[in-house]
Amino acid sequence: MSTTKSRAISSALIFLLFLTSLTTMASANTTKNTENVSTVVIVDGQKISTPIPAFHENEVTWVPLIPVMQSFGAQTQWNSQSREISIRTSNDSSFVFRVGSQSFNMNGTSRVMTSTLAPRIINGSIFVPLSLIGTMTQSHLTWASAANAAVISSPSFLNELDYLRGRSDLTIPDRRLTQSERNTWMSEYIRLGGELDFEAVAIDLINDLRKEHGLSPLVSNQSLMMAARFKSQSMSDLNYYSHEGVYDSPTNLAAVFGFSGGVGENLYRGPTSPIWAVHGWNLSPGHRELMLSPDFTEIGVGIFSGTEGAFYWTMLAG
């Protein structure tokens, strides 16, 4: 996960603005795909830059093959005479596809696509159904209808936060912690590495927004970081989504972890990427006001994965 932060910052602000314009194009409850609508491709939390955008057509998502596979570290080679594209993935699997053909070669063995849709060329770029990317990379595929986004998550990406999922020694009870329990939780937080790269990226994105409005950056505070992670985990463990919780208010919760002073809180439940969390807050006037408040100087952000597949995000500002 050491490269997550550097990969995210370069394109995050552009992506936030881009998603803002796309959100009006589809409702979050939309089930029927729109034909010929440009689609964002997100690989392991980051928007992929492509010469020609992905698109929806007849309820199928078509993505540009080469830039998407290269984002996974794959090597690609195009043979213009045979109209074949050869791909070697980072785990040494090999694939050969021919434009217009449902037959392909996988690790030296001939196969036929389960989909009736063969690779095609559009304006000089090779496009394939999104499902084919999942086959080659063994990735989890998600369609985020509200933003017209195809989300591709590799196994390694999903596993990066697995140590936060289902750990009995970190389970939070439906009551306030004893001092001993709090100290054990804090020790475990530090043992597991403390601040995650995803949490740091979210703080950077928030500070970038503040900079755009002439505001000073918020400084990461370890007490707020621990309180934010604790809040996200408690919502996952206790199956709730509220600003109250067992400590009644964000200020009371932050005080448990050593922070003194009033605290504001933003919550988000959804995909893993910090881009989605900050984007969601940025679209809501109340949440945006908290991120851009000149009254706050310190910040904590915490993420925790829920058993149902969603991720809980908490931002605390003090």
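The values are calculated or read from the model by the stated rules, or taken from the named source; none is laboratory data. Values in this document were obtained by computation on a predicted structure and should not be read as measured data. Note: ideal-geometry Cβ built from the backbone for every residue, glycine included; neighbour counts use all protein chains shown. Quick note on the areas: whole protein, heavy atoms, side chains included, nothing else; ligands and nucleic acids left out. Shrake-Rupley method; radii C 1.70, N 1.55, O 1.52, S 1.80 Å.
When peptides 129-136, 288-295 are ranked by their average number of other Cβ atoms within 10 Å per residue, the highest-first order is 129-136, 288-295. Over all other residues within a Cβ to Cβ distance under 12 Å of ILE85, the charged ones net out to +3, with Lys and Arg as +1 and Asp and Glu as -1. Derived from the Cα gyration tensor, the three semi-axes of the equivalent ellipsoid of the range 165-251 are 27, 15, 12 Å, largest first. Rounded, prolate or oblate: which one fits the range 255-306, using the alpha carbon gyration tensor with axes a ≥ b ≥ c (rounded when a/c is under 1.5, else prolate when a/b beats b/c, else oblate)? Since a/c reaches 1.5 but b/c is at least a/b, the shape of the range 255-306 is classed as oblate. Count Lys and Arg as plus one, Asp and Glu as minus one, and take only other residues whose Cβ is under 15 Å from that of GLN102; the net charge is then +3.
I need the shape label for the range 195-318. Rule: rounded when a/c is under 1.5, else prolate if a/b > b/c, else oblate, with a, b, c from the alpha carbon gyration tensor. Note, shape of the range 195-318 comes out oblate. Among ASP197, ASP174, the order of accessible area from largest down is ASP174, ASP197, computed with a 1.4 Å probe on protein heavy atoms.
For the range 61-86, the residues whose backbone nitrogen is under 19 Å from a point 7 Å from the Cα of ILE52, taken along Cα to Cβ, are 61-71, 76-86.
Roughly to the nearest percent, how much of the accessible area of the range 177-307 is carbon and sulfur, given a 1.4 Å probe? Before the final figure, lay out the partial values.
Numbers: 2600 of 5330 Å².
Result for the range 177-307: 49 percent of the exposed heavy-atom area is carbon or sulfur.
Go ahead and run the numbers for FRET between MET106 and ALA310, Cβ-Cβ distance against an R0 of 41 Å, rounding to 0.05. Before the final figure, lay out each step's value.
Details: r = 33 Å, r/R0 = 0.81.
In this case the efficiency is close to 0.80.
Accessible area per residue for the range 74-152, computed on protein heavy atoms with a 1.4 Å probe, is 52 Å².
Here the peptides 98-104, 221-227 are ranked by packing, the mean other Cβ count within 10 Å, and the order with the highest first is 221-227, 98-104.
In terms of the mean number of neighbouring beta-carbon atoms within 10 Å, the peptides 181-190, 259-268 order highest first as 259-268, 181-190.
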